[in-house]
Amino acid sequence: MKKTDFVENTGVEVLAEDGCKKRPPKDNPWKNSRLIIGTIILGILIIIAFVGQLFWDKTLVNVGSSPLNLPPVGNEYRDQIGNWAHPLGTDNSGRDILALVLVGLPHSLGIGFVSATIGLTIGIIFGFSAGYLGGRVDDVIRLLSDTTMNIPALLILIIIQSLIPNAGFFAMALLLAVFAWQSPTRVLRAQVLSMKHADYVKLAQLSGSPDQEIMFKEMMPNLMPFLISQLTAGTSYSVLILVGVEVLGLGSQKIPSLGITLNNAINASAILRGMWWWWGIPTIILIVVFMCLLLITVGLDEVSNPRLRDH
Amino acid sequence: MNGLTWKYALHRIGIYLLTILISITLIFVISRAVPGDPIENMWRQLEMQKGQIEGVDLIIDHYKELFGLNEPIGIQYLKYLWNTVRFEFGVSFVHYPTSVSSMIGHALPWTLGLGLITTLIIFIFGNGIGAVFGWERTPKFIKTIIPSSLIFTSIPSVLAALFLLSIFSKNLGWFPLAGAYNSNVTQGWNWPYIASVIKYGFLPVLSILLVNIGWTILGMRAMVVTIGGADYVRLAQAKGLKPFYILKKYTVRNALLPQLTSLALSLGGLISGQVLVESIFSYPGMGMLIFRAIREQDFNVIQATSYMFILITATSVLLIDLLYPLIDPRITHGED
Amino acid sequence: MQKQKRTITCLIALMMIFAIVLSSCNTSPTDEVVEETSGTSDTVGEETADTGTQPGNYENATREETVYFDAYVAHVDHANWNPFITDNLRDVGLQQALIEPLFMLNYDTGEIDPWLGLSMEANDTFDVWTLNLRPGVKWSDGEDFNADDVVFTVNMFLANTPDLGADVALWTESVEKINDLTVQFNLTDSNPRYQLDIWSFKIWGDRNSIVPEHIWNEYADNPMEFTNYDPEQGWPVFTGPYLLSKFTENEYIYVRNDNWWGVEAGFQDLPAPKRLIWIQYGTEESKAAAMIANDLDAMANTSLGAFEAMTAANSNIIGWESELPYGTIDPCPRYLSINNEHPIWSDSTLRQAVNLAVDREQIVTIAYEGGTSASISIFPQYGSMEQYNSALEDAGLAASKTADTEAAKALIESSGWVLNADGYYEKDGQVLTMSILTIEESMETRRIGDVVAEQLRNIGIDAESQVLSFGAWLTAQSEDGTPEDDYEGAVSFVCGGVNEPYVTLNTFGGGEDVTKGGMERWSGESWEAFRASVAQLKNLAPGDAAGVPVVVEAYENIIEDMPFVTLTQASMLTPLNTTYWTNWPTSENPYTIPSTWVQSTHLIIHNLQPAN
Amino acid sequence: MDQSLLEVNDLTKIFGEASQKQKKQVVALQHFNAVISGTTPKIITIAGESGSGKSTLANLILGFIKPSFGTIMYKGQDVSSFDKGEMLTYRREVQAVFQDPYSIYNPYYCVEHIFDIAMHNFKLTDDKQKKRDLIEDALNLVGLKGENVLRNYPHQLSGGQLQRVMIARAYMLKPNLIIADEPVSMIDVSLRAMILEIMMKLKDEYGISFIYITHDFSTAYQISDEIYLLYHGMTVEKGNTVKVINNPHHLYTKDLIASIPTIDEKWEGHIEVTEDLESDRGQLKPTPTFMEVEPKHWAVLS
């Protein structure tokens, strides 16, 4: 039976609450190679960053803590030969690149993740309300998202930066969330619209479930993999905006991050000076992080949508 | 069932006008939220850069008066609304007495040119690649190659622009370092001018393209995959139609409309994302204008340029919303 | 659907065409002149013949005959050549190639050298000044430049203040023509710096340029409306040895005027370059690439790293010095501004401690990578300032190059502060903090801020640097809020004194009716004494030896109360390319400063020699 | 007096904007009248081809859509005037069984979920053991055991099982009326009889009335007491099931009954009717007049 095949592949088993019979592990869609590879590499990166912070002197991110313009180990730059004291080299203010990366990566990733989470939460509330309730609620939410998408992001960023100059971790995440909720709202609204007429929603109505329970207990669990993929996509989007903002010099300078390092490198003409390690290492890390998040997103899409899987 | 109805159109236009009103109001509020007085800041900055200016207080007072900044904020707002609907943007504070309209008049064509070409290429190639990426019959190795084209998506546009500049202009010398056309050619309809515009615009276009195309590819891929499983596509497959024909006629065709909407929605972002690329290539577009205006708190310029962006984005979204039911009869806007 | 896709394509194509049409509408009339030269080559000047160019027609001058300058500011309105508008085109050739000043200040000697003016003398009370003009000066359209033009221009200023000539109007009561070459200014008050501040190139350019009466008289009532641009009539008309040829969005091109007045008047020979181009590149990387490729002859300020990369790639690129710090001094030294009204930092003992904690040598090493020198005083260390700086050194008032952390700690402790568990000083439950504001647009201040914050943390002050946009940086230091909310410290700079300390000191002294000085809000006894010295200095002519002891006296008050902490000399590193042109100004040949955006560039242009 | 359980008066549903100038409206159901007795449980069949308004009627009674005009009276009270508490009671007492047993279950939860939410929302009981007993009891009625089905995911059960669980759920709520919207059309033939038997049993032993929506006359003939034949939203013939099917009177009914090819497949055919009838499609018409062609058998004059 075709229908049954379809349902069997939805892959909700792992998420289900205790007490339901487990499906045989053979057809578990969560065993998705892209998802697994992406998660593992990203996990390794994060673990390296956190473990590294324990073993590497974090104060090396401070200005003047190391010799200036030192290349990575084994390389030579302007009569200086890289050594193991600073394996990834230093920048022009005597900051250790390894320390910058170890401190900066979790910081940038964390802000991106938190802001994506905030954005997704708003997106869930707005998207479900707009899609399920429709009418005026839909209009108001639409107005809100259209309006905020209309205003140049740069304007908002510059202004907020001048209002809260040394935005900390959560302030920055909150600020980025301003740009992170419209897309989930739109996408979820469409999903909810198509799910609204599902038979099991009808049944829940017949069972006397109030609207919020239908939205969040009946519909949302089925969107779980989809929501997680929205979250990873949102995280990479927020990390990109964050890095973009920092590269502009608009971010908080208080905590070293990948974007601030790139901003310093660009301002100091690192490319021209041939200090490839200074801009190259943060860039490669950004690319790897982005690719991992992309793999996870694509993998999760495949989990939530069986048609996406390779045949 | 219903197609485009008057009620729906009026409702959409109502939302459109309301969106614009709220947006421009927010622009007014936001641009004044920055601490400090623009005229004061500007002259103090000039003084610090170019030496003390005696009588600077007189100048500052004079210009505040001239630009109406001494009036109550409510009056300023009403005047602003009235002027904005009439497309009267006044003069730039910083570039006084240059009128904002003439500044936009000089910059907008370049930005539109750059923006439209990149948008067009992103739409055609992004959706093309995305369709191939999402198609179930695409060979696996191609599906493996495509994600690598997204590498540029993961770095800020500034960095991408700097890379391209450093490789193609600095090291290889294939493209000029800055500007929009060669000063030796005459502006107008002649081949040397057009060739030079293309040559100077190539790298800026490429930078914006590489950074933005990834999102379109990913979006299209998801659309193709979703639609690929829809009943009518399954039906077409059952009818024995050729897979590529199905991809072209059924899947892509139906995926393009939502993609068009996303494009319209991202238009504003695309244009303002151009800002930094323009400044790196010293391209005389709106990007430079808005970036500087925001930094210099040049209210009239901020308001006018933002208004342009708002109009472009909101209008394209409106048009697509209105065209949708005409193009796709499955979309209805009835009450049921 | 297919049809619709086509419609969209057509629509977009139409809009592109529209864009190109719009952009070609901005065609400047001069473009028609060069139509025949519009070759397919992109390399400027390549298509010209080897034989060199014909006299008077230098639009197609060869690369060897052309000097390329860096236009470091992006302008918006390229067709407005009015020199008085706020965002004028002065730094892209207007004041270097077209407008000549009456006088020029020499940074090395402190003398005011004559140019269009021969001399300017004051009476004993400095309230009547007489200007003598150089005979034989002609406008580029052949009309004489004379006292009528000066009188006309000054009266235009007086009638249209403060739109233009605000400083002229502030000091000038009336102006009279004595004869064709002599003008008398009657001042509102005594001003020994009238010639220097108002009629000379001092820091950037002569803001108050004389304009030709026969062109501007039509616009005497509304000079701000005049664009001063009409290629058919040869406008803009000024006295300089070059004429505006054309401009694009990022290039400004000038050609030599072989009929320049200076030759006939016996003032100077024609300058060697036949064509001058100010060209704007987007980034430092692009400029550097152009320098390396010999497409640019002089670059505006650059970073040390970029400079080293450039000299490594192209040995023809030189700086002011042949070794570190390579650059010359900017007229605006950097200092640490401290809020004297802040609840904590109002304690001068703490400010003294900061002064001791700051290692200026380390700032130079890290923040500048050796590209500048530590300040010994708040003044720029130009040759003309030598007598003041050495007097301060002799009096033991010079700032130390290195830190004395122990002494700094002792001072803080003497004020009742105790180190807490985190290693920071604490008093009454309050940690000793200093948030140092830096300017986002200025990498230099940001790097200084980072280093100073680090140095202060080392002695137990919980300091951090905080980046703000210029406007926010300025506002944060303004006096709007309550003192508690106000700033603690800021990396700041003071421009003004180039050849004498008066302007710099007056920045901290305030005007007539203020009760505290400068952004720092310095007040109290020492300040009152300081102000008295500044007032005394005001009435002395610049460079007057009698001023030296007064300056020392004023500076004693600064050291005693330490309202701010001197840091470093600002560096100005201007790479110059000797591939096509030589005889650039250097420390060995210091005929002027090497800045090509200021008006003294006239001197550079007249001194440049072709390399072969 | 015999108070009616459900009384439907002149029920009409028009889709599309009534005020629009363009006549784009579609009349899905018009002038429907029916009464279900409160004392004698009955199975009432609503029959007709696809698009005849059967499902619209079900959705109207279940409150998923609102009528354009006409009323639904439940126990003598207008359904549209119900407050929150009354609506909850109505929801509980009027239950439904749907056509597609696969899609009615939320794939995220195991089968037990449908009992849980009903139990929770209708506040049947808080006691765990009591809960289990109620469920077990209901499942036993339909021939299932809790341990075999409750902890399974919907896709792990067969269509017949799922549909029986649905009926068990409805039964558990002790409703007065169950709307059965083509409950057997997607189920294996072998299981159909069982489902129908359960329905009969519920009617006879537990006094639950049914509105049985179908296009299948053989099953209607088998179990129902009354039948309503819908054509383009209009009732064209109604009355005792046996009489109507054995002696169809209306032109359309005749064609319909004669042309049914098989009872196994969902009938996708279309009845050729006179031009006259066809042109009326979707138009709102005046209340039809019924003629009693024989006792307990009415037909519209045509």
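In table form, for the structure just shown:
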| item | result |
| --- | --- |
| Mean-position separation - Cα centroids, region C:241-269 and region A:116-186, in angstrom | 56 Å |
| Protection proxy ranking of D:245-256, B:66-77, A:287-298 - average other beta-carbon atoms within 10 Å, highest first | A:287-298, D:245-256, B:66-77 |
| Partners for residue A:31 among lysines (Cα-Cα distance below 29 Å; same-chain residues under 8 apart left out) | A:2, A:3, A:21, A:22, A:217, B:140, B:143 |
| Per-bin percent of Cα-Cα distances, region C:276-412 [5 Å] | 2, 8, 14, 15, 15, 13, 10, 8, 7, 4, 2, 0 |
| Square roots of 5 times each gyration tensor eigenvalue, C-alpha, chain D, largest first, Å | 33, 22, 19 |
| Local electrostatic count, residue C:150, Cβ distance below 10 Å [Lys/Arg +1, Asp/Glu -1] | -2 |
| For D:92-99, mean number of other protein chain Cβ atoms within 10 Å | 2 |
| Restraint check, D:13/D:75; C:409/C:516; A:196/D:145, Cα-Cα greater than 24 Å | C:409/C:516; A:196/D:145 |
| Net charge, residue A:275 excluded, C-beta distance under 13 Å - Lys, Arg +1, Asp, Glu -1 | -2 |
| Of all DSSP beta bridges in region D:4-301, antiparallel share, percent nearest 5 | 60 percent |
| Other-chain or far-sequence residues with amide H under 5 Å of residue A:75's (modelled H) | A:82 |
| Packing rank of D:113-124, C:293-304, where each peptide gets the mean count of other beta carbons within 10 Å, highest leading | C:293-304, D:113-124 |
| Descending semi-axes in Å of region D:1-130, equivalent ellipsoid built from Cα gyration tensor | 30, 21, 15 |
| Residue-averaged beta-carbon neighbours from other chains (10 angstrom radius) around B:40-47 | 4 |
| Max mean-square fluctuation residue, GNM over chain A, Cα-Cα springs under 10 Å, options A:107, A:197, A:86 | A:197 |
| Share of alpha-carbon pairs per 5 Å distance bin for region B:148-188, given as whole % | 6, 20, 19, 20, 16, 10, 5, 5, 0 |
| ³J(HN,Hα), Karplus 6.51/-1.76/1.60, whole Hz, each residue of region B:184-189, x for Gly, Pro | 7, 9, 8, 5, x, 8 |
| DSSP-defined beta bridges in region C:388-522 - what % are antiparallel, rounded to 5 | 35 percent |
| Chain B: angle of helix B:286-296 to the longest principal axis, Cα-based, in degrees nearest 10 | 40 degrees |
| Estimated 222 nm signal from helices in the protein assembly as shown, with DSSP H stretches of n ≥ 4 weighted -39500 (n - 2.57), rounded to 500 | -14000 deg cm²/dmol |
| Average partner coverage of B:185-198, which counts Cβ from other chains inside 10 Å | 5 |
| DSSP beta bridge pairing in region D:124-260, given as percent antiparallel to the nearest 5 | 55 percent |
| For q = 0.13, 0.14 Å⁻¹, Debye-computed log10 I/I(0) when each Cα of region A:167-311 counts as one equal scatterer | -0.74, -0.81 |
| Estimated D of region C:62-105 in µm² per second, where Rh is the Kirkwood radius over Cα pairs and Stokes-Einstein applies at 4 °C, 1.567 mPa s | 107 µm²/s |
| Estimated translational D of region A:49-170 in µm²/s (Stokes, Kirkwood radius over Cα pairs; 4 °C; 1.567 mPa s) | 71 µm²/s |
| In Hz, Karplus ³J(HN,Hα) per residue of region D:66-81 (6.51, -1.76, 1.60; θ = phi - 60°; x = Gly, Pro) | 9, x, 6, 8, x, 10, 10, 9, 10, 6, x, 10, 5, 4, 5, 9 |
| Test item: Cα-centred dipole of the protein assembly as shown, Lys/Arg +1 and Asp/Glu -1 on Cβ, debye | 10000 debye |
| Shape metrics for chain C, restricted to C-alpha atoms - Rg then Dmax, Å | 27.0, 89 |
| 1.4 Å probe, heavy atoms, protein only - residues of region B:164-180 losing at least 10 Å² accessible area vs chain alone | B:165, B:166, B:170, B:177, B:178, B:179 |
| Using alpha carbons only: equivalent-ellipsoid semi-axes of chain A, gyration tensor based, whole Å | 43, 25, 14 |
| Share of alpha-carbon pairs per 10 Å distance bin for region D:188-253, given as whole % | 19, 48, 27, 5 |
| Summed side-chain charge close to residue B:295 - residues other than residue B:295 whose Cβ falls under 10 Å, Lys, Arg +1, Asp, Glu -1 | -3 |
| Rounded Å value of the spacing that divides the Cα centres of region C:539-553 and region B:184-259 | 74 Å |
| Dipole of the protein assembly as shown [Lys/Arg +1, Asp/Glu -1 at C-beta], most positive-end residue of A:38, C:391, B:309 | A:38 |
| Under-5 Å amide H pairs with residue C:437, H placed in peptide plane, nonlocal only | C:466, C:489, C:490, C:491 |
| Most fluctuating residue given options B:166, B:92, B:31, as computed from a GNM of chain B linking Cα atoms under 10 Å | B:166 |
| Fraction of accessible area attributable to carbon and sulfur, region D:4-301 (%, probe 1.4 Å) | 51 percent |
| Size-normalised alpha-carbon gyration radius of region C:338-391, reference 2.2 N^0.38 Å | 1.43 |
| Loop chymotrypsin sites (Phe, Trp or Tyr not before Pro), region B:152-235, which have at most 13 other Cβ atoms in a 10 Å radius of their Cβ (DSSP) | B:174, B:189 |
| Chain A: most fluctuating residue of A:212, A:161, A:230 per GNM, C-alpha cutoff 10 Å | A:212 |
| Packing-based order for B:275-286, C:413-424, C:221-232, using average beta carbon neighbours within 10 Å, highest first | B:275-286, C:221-232, C:413-424 |
| Test item: Cα-centred dipole of chain D, Lys/Arg +1 and Asp/Glu -1 on Cβ, debye | 800 debye |
| Amide H contacts under 5 Å for residue C:375, placed H, 5+ residues apart | C:568, C:569 |
| Whole-number D in µm²/s for the protein assembly as shown (Stokes-Einstein; Kirkwood sum over Cα pairs; 37 °C, 0.692 mPa s) | 86 µm²/s |
| Coil-residue trypsin sites (Lys or Arg not before Pro) of region D:141-184, DSSP, other Cβ within 10 Å capped at 16 | D:145, D:151 |
| Integer Hz, Karplus 6.51/-1.76/1.60 couplings in order for region C:417-432, x for Gly and Pro | 8, 10, 5, 9, 5, 7, x, 10, 6, 9, 8, 6, x, 10, 7, 7 |
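The values are calculated or read from the model by the stated rules, or taken from the named source; none is laboratory data. From a predicted model like this one, the values you see are computed outputs, not experimental measurements. Methodologically, a virtual Cβ is constructed for each residue, glycine included, from the backbone with ideal geometry; neighbour enumeration extends over all protein chains shown. We work out accessible area using only protein heavy atoms, side chains counted, and drop any ligands, DNA or RNA first. Shrake-Rupley method; radii C 1.70, N 1.55, O 1.52, S 1.80 Å.
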